[in-house]
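Here is the structure we will look at.
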Amino acid sequence: MEDAAVREGFDRATVERLAELWEGPEWLRRRRQQAWELFRSLPLPPPTHEAWRRTPPERLAWDGLGPVLQERGDEVARQGLDGLRGDGPALALHNGAVAGSWGAERLRRAGVVFCDLRTAAREWPDLLEPFLFRAGLRAEENAFTAQHVAFATGGVFLYVPAGVELEEPLVVADWVDGEGLVAPHTLVVLEPRSRATLVQRRTGPGTGLVNLGVELVVRDGAQLGYAQLQDLRGPVREFGVVRARVGRDATVRTLVASFGASLEKLFVESVLDSPGGASEMLGAFFADDAQHYDVHTLQEHQAPHTASDLLYKVALLGSARSVFAGLIRVHPGAQKTNAFQSNRNLLLSPEARADSKPELEIMANDLRCTHGSAVSRLEEPHLFYLQTRGLTRQQAVHMIVEGFFSEVLDRLPVERVRWWLEQKVAEKMGAEAPLGRVAALRGLLEEVAQSR
Amino acid sequence: MNERAPDLVIRNLRAKVEDLDREILKGVNLEVRKGEIHAIMGPNGSGKSTLANVLMGNPFYVITGGEVLYKGRDLLEMSPDERAREGLFIAFQYPVAIPGVNFASFLRTALSARRGYQNELIPVAEFQKILREKLDLLKLDPSIVTRYVNEGFSGGEKKRAEILQMAVLEPEMAILDETDSGLDIDAVKVVAENVNQLFDKAAGNLGIVLITHYSRILQYIRPHQVHVMLDGRIVISGGPELAEELEQTGYEGLQAQFAEVAAATPGDQPVRRAGKVFWVAH
């Protein structure tokens with residue numbers, strides 16, 4: 001494998017060329033070279049490893065692929081922002097290179113840095129240095145994270161200074177095309193008592209491999225909302241780590257939503273290392289045909305008085321397959337912890353299959369912790385009821401699926417993200433538009449509520 | 001009774017539950033015109049709800065014989081949604097809760113289907129106007145449409161929500177399956193009043209088949225005809241006075257008489273009654 005990788009361009013020369021593209025400081029070049037050494041020496045995780053039992057690591061092999069070296073972004077990449085952008089700050093990336101940037105200047109005046117990572121490495125290396133490939137994700141975790149750090153093609157950097165509160169969501173779109181490896185990285189640093197929302201969408205016709213890393217640093221008293229929306233259109237395979245570090249009395253709310261790619265292996269984690277930290281983790285996954293999603297979540301309670309609440313919903317069509325493995329870990333001394341976990345799976349075809357594995361590792365004794373998981377199928381009486389009101393069977397199924405996801409949708413504060421999810425569900429159902437469009441009725445519902 | 005061709009014709013309809021051999025409907029005959037209210041009464045297990053569900057196309061039941069014509073078409077060939085779009089409606093005895101599905105958006109989708117919208121929905125403003133009008137007409141607490149369909153509804157709310165759907169969808173033929181069951185007397189009055197309002201407003205364009213166990217609701221909704229169903233058949237038909245008679249005698253006396261005549265009747269010919277005497281229909 002090592003020889004093949006070297007032959008295919010996963011070599012020191014490529015690492016050097018990427019470092020040149022980034023124009024970054026020397027410490028960054030060194031981190032990437034070290035990662036490359038690790039990448040050469042670390043084997044793939046053994047398929048018998050619990051985290052890889054249902055998705056053999058070979059399915060994410062990179063033989064025959066090379067890293068995509070995108071020097072400049074093309075305008076085509078801007079369509080990744082369609083429907084999500086609004087008037088606020090936005091950034092379009094093309095295989096990691098900038099394809100468009102809006103509103104960053106205005107943010108700069110408040111001390112906020114919102115730019116692509118290559119620019120950040122050139123202009124704000126000191127802001128990156130303590131966190132990049134350190135705070136959330138490390139090369140030495142396994143061969144995939146080593147590959148990510150060594151060959152990271154670009155990405156986004158958001159830095160919000162202490163006390164600055166951004167009302168408007170910031171939007172990033174990653175456009176992925178070509179046949180090679182694209183390794184986008186996201187680094188968000190929220191200084192104490194700051195507040196921001198970042199919406200990141202990943203799409204495009206790529207057919208290779210995506211290896212993504214997301215590091216979210218939420219310092220004391222800060223509040224971060226982060227949505228990661230994936231609708232890659234090609235038969236691309238994905239590995240990814242999304243990890244948040246939550247400080248004292250800080251809050252992170254994440255949404256991970258996946259509709260595209262042929263295979264996705266994700267690790268989504270919240271590390272609550274200081275008292276008062278809180279994490280909400282929402283997930284919405286909808287796979288069809290032969291798509292394969294395998295998601296590990298971790299709610300890591302390292303300090304007392306921390307709270308986590310996870311709700312992951314998975315719908316499957318065709319012969320799609322999903323695995324959810326969710327771990328709540330409460331460390332010794334992390335008393336007065338509240339930890340909730342719920343995973344719901346809806347099978348829409350006889351061939352679809354969902355595995356759900358909730359796990360608890362509790363080393364404290366004064367806490368509240370619940371977890372639940374369920375795999376269910378469509379209920380004929382529900383379909384009949386809707387059909388007796390004139391909905392076709394297809395519409396009835398669509399409406400039930402919308403209802404299934406609404407528990408997640410109703411908890412999303414950003415209207416555009418709800419809209420995007422409703423659109424994606426409709427696409428999966430082969431419908432031209434969402435049925436419920438509760439958003440469209442919001443005015444009516446509010447009026448009704450007031451008229452009581 | 002008027003001479004127009006009936007809009008709903010049920011002839012010798014037989015049906016059973018998929019996995020069971022025993023028939024539940026054993027030859028039902030009934031004709032209903034728009035502008036008429038027919039009450040079907042009968043004891044538990046006589047097949048009333050099965051008839052309602054079979055008419056609406058519930059896949060839980062299998063038709064074993066007979067035919068149903070609706071507006072001249074073979075109803076049994078139509079899917080449940082096609083029946084609904086053609087103006088057939090059922091108010092369920094036990095409406096199911098559908099988690100996560102907002103009532104207002106469900107109603108909007110249903111109305112769009114009923115009005116023939118394809119691949120789009122009725123405009124929000126138009127829908128809002130209709131919904132407001134119907135909520136006012138039925139004097140319903142509007143907050144009901146902000147909730148998930150039937151989820152956490154009380155018994156009375158469920159029944160009234162069914163009537164609200166009927167009001168919005170404006171059917172031509174409505175089957176009300178025990179819409180009075182499980183309600184206290186005040187709630188029965190309210191629901192009956194709602195049904196009367198819709199019937200009057202439809203001005204002859206709505207036929208109602210009112211299925212009930214008790215004659216109580218018939219004090220408020222005046223049927224044109226009353227039918228009694230026993231053991232999978234309609235055995236007696238008459239005017240509103242039949243309901244009063246039943247109130248006196250109960251189903252038991254009737255059942256004993258009927259069993260006697262049925263035993264003496266060859267084959268599967270329908271047994272009916274004119275006046276106080278049973279007879280075999282030819």
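The values are calculated or read from the model by the stated rules, or taken from the named source; none is laboratory data. Values in this document were obtained by computation on a predicted structure and should not be read as measured data. We place every Cβ from the backbone using ideal geometry, glycine too, and count neighbours over all the protein chains shown. Protein only, heavy atoms only, side chains kept; ligands, DNA and RNA dropped before computing areas. Shrake-Rupley method; radii C 1.70, N 1.55, O 1.52, S 1.80 Å.
Expressed per residue, the C-alpha convex hull volume of chain B stands at 139 Å³. Only alpha carbons enter this Debye calculation for region A:379-452, each as an equal point scatterer, and the log10 of I(q)/I(0) it gives at q = 0.21 Å⁻¹ is -0.97. Rolling a 1.4 Å probe across all protein chains gives A:THR48 an accessible area of roughly 100 Å². From most to least packed by mean Cβ count within 10 Å, the peptides B:237-243, A:154-160, B:42-48 give A:154-160, B:42-48, B:237-243.
Simple point charges give the picture: +1 on the Cβ of Lys and Arg, -1 on the Cβ of Asp and Glu, and for region A:2-274 a dipole about the Cα centre of about 380 debye. For region A:275-397, the Kirkwood estimate of the hydrodynamic radius, built from every pair of different alpha carbons, is 15.9 Å. Solvent exposure of B:ASP200, expressed as accessible area, is near 110 Å², computed with a probe of 1.4 Å over the protein chains only. In order along region A:234-251, the Karplus-derived 3J(HN,Hα) couplings, from 6.51 cos²θ - 1.76 cosθ + 1.60 at θ = phi - 60°, round to x, x, 8, 10, 10, 10, x, 10, 10, 10, 10, 10, 10, x, 4, 6, 9, 10 Hz, and Gly and Pro are given as x.
Tell me the mean residue ellipticity at 222 nm calculated for chain A from its helices only (DSSP H runs of n ≥ 4, each -39500 (n - 2.57), averaged over every residue, nearest 500).
Working: 11 runs with 106 residues, N = 452.
-7000 deg cm²/dmol, from helical runs alone.
Taking the chain by itself as reference, region B:45-62 contains these residues with an accessible-area loss of 30 Å² or more in the full protein complex (1.4 Å probe, heavy atoms): B:PRO59. Once Lys and Arg get +1 and Asp and Glu get -1 on their Cβ, which of B:ALA104, A:MET429, A:LEU444 lies farthest toward the positive end of the dipole of the protein assembly as shown? Checked the options; the winner is A:LEU444.
Kirkwood's formula applied to the C-alpha pairs of region A:346-401 gives a hydrodynamic radius of 14.3 angstrom. Amide H contacts for A:ASP249 (H built 1.01 Å from N in the peptide plane; partners 5 or more residues away or on another chain; cut-off under 5 Å): A:GLY221, A:GLY276, A:GLY277.
For the protein assembly as shown, the fraction of 1.4 Å probe accessible surface lying on carbon and sulfur atoms is 48 percent.
Amide H contacts under 5 Å for A:LEU158: A:LEU187, A:VAL188, A:VAL189, restricted to partners 5 or more places along the chain or on a different chain, H placed in the peptide plane at 1.01 Å from N. For the chain pair B and A, the buried solvent-accessible surface (1.4 Å probe, both sides summed) amounts to about 3200 Å². Taking all protein chains into account, the per residue accessible area for region A:2-274 stands at 35 Å² (1.4 Å probe).
Close amide H pairs (under 5 Å, H built 1.01 Å from N) link A:ALA315 with A:PHE285, A:PHE286, A:ALA287, A:LEU346, residues at least 5 positions away or on another chain. In this structure chain B gives 42 Å² per residue of accessible area when probed at 1.4 Å with all protein chains present. Taking 0.36 nm per residue of separation and subtracting the current Cα-Cα distance, fully stretching the chain between B:ASN205 and B:GLU241 would add 10.5 nm.
Which order do the peptides B:58-71, B:24-37, A:376-389, B:112-125 take when ranked by the mean count of other beta-carbon atoms within 10 Å per residue, highest first? Display every interim value, and only then the final one.
On the way: B:58-71: 16.4, B:24-37: 20.9, A:376-389: 19.1, B:112-125: 14.6.
My ranking of the peptides, most packed first, is B:24-37, A:376-389, B:58-71, B:112-125.
Where in chain B are the DSSP H helices whose alpha-carbon span along the long axis reaches 18 Å or more and whose Kyte-Doolittle mean is at least -1.0?
On the way: long enough: B:124-138 (21 Å, 0.15); B:155-169 (22 Å, -0.12); B:185-202 (26 Å, 0.25); B:241-263 (27 Å, -0.30).
Those that pass (Cα extent of 18 Å or more, hydropathy at least -1.0) are B:124-138, B:155-169, B:185-202, B:241-263.
Out of every Cα pair in the protein assembly as shown, what percent are spaced more than 43 Å from each other? Result: 40 percent of Cα pairs exceed 43 Å.
I need the shape label for region B:89-166. Rule: rounded when a/c is under 1.5, else prolate if a/b > b/c, else oblate, with a, b, c from the alpha carbon gyration tensor. Let's see the in-between values first.
Numbers: a/c = 1.70, a/b = 1.40, b/c = 1.21.
It comes out prolate by the Cα gyration axes.
Neighbours of A:THR119 by Cβ distance under 15 Å: Lys/Arg scored +1, Asp/Glu scored -1, total -3.
At a temperature of 37 °C and a viscosity of 0.692 mPa s, determine how fast region B:159-239 diffuses translationally according to Stokes-Einstein, using the Kirkwood radius over alpha-carbon pairs as Rh; express D in µm²/s, rounded to the nearest whole number.
Working: Rh = 13.3 Å.
In µm²/s, the coefficient rounds to 247.
For region A:2-274, the pair-distance distribution built from all alpha carbon pairs, in bins 10 Å wide starting at 0, is 7, 32, 39, 19, 3, 0 percent. Listed cross-link partners B:LYS134/B:LYS159; B:LYS16/B:LYS134; B:LYS71/B:LYS129; A:LYS313/B:LYS139; A:LYS313/B:LYS134; A:LYS424/B:LYS158 are compared with a 26 Å cut-off, the Cα-Cα value being larger for B:LYS16/B:LYS134; B:LYS71/B:LYS129; A:LYS313/B:LYS139; A:LYS313/B:LYS134; A:LYS424/B:LYS158. Using the alpha carbons alone, the radius of gyration of region A:1-94 stands to its Kirkwood radius in an Rg to Rh ratio of 1.08.
At a threshold of 50 Å², the residues of region A:369-398 that become less accessible to a 1.4 Å probe in the full protein assembly than in their chain on its own are A:HIS382, A:PHE384, A:TYR385, A:GLN387, A:THR388, A:ARG389, A:GLY390.
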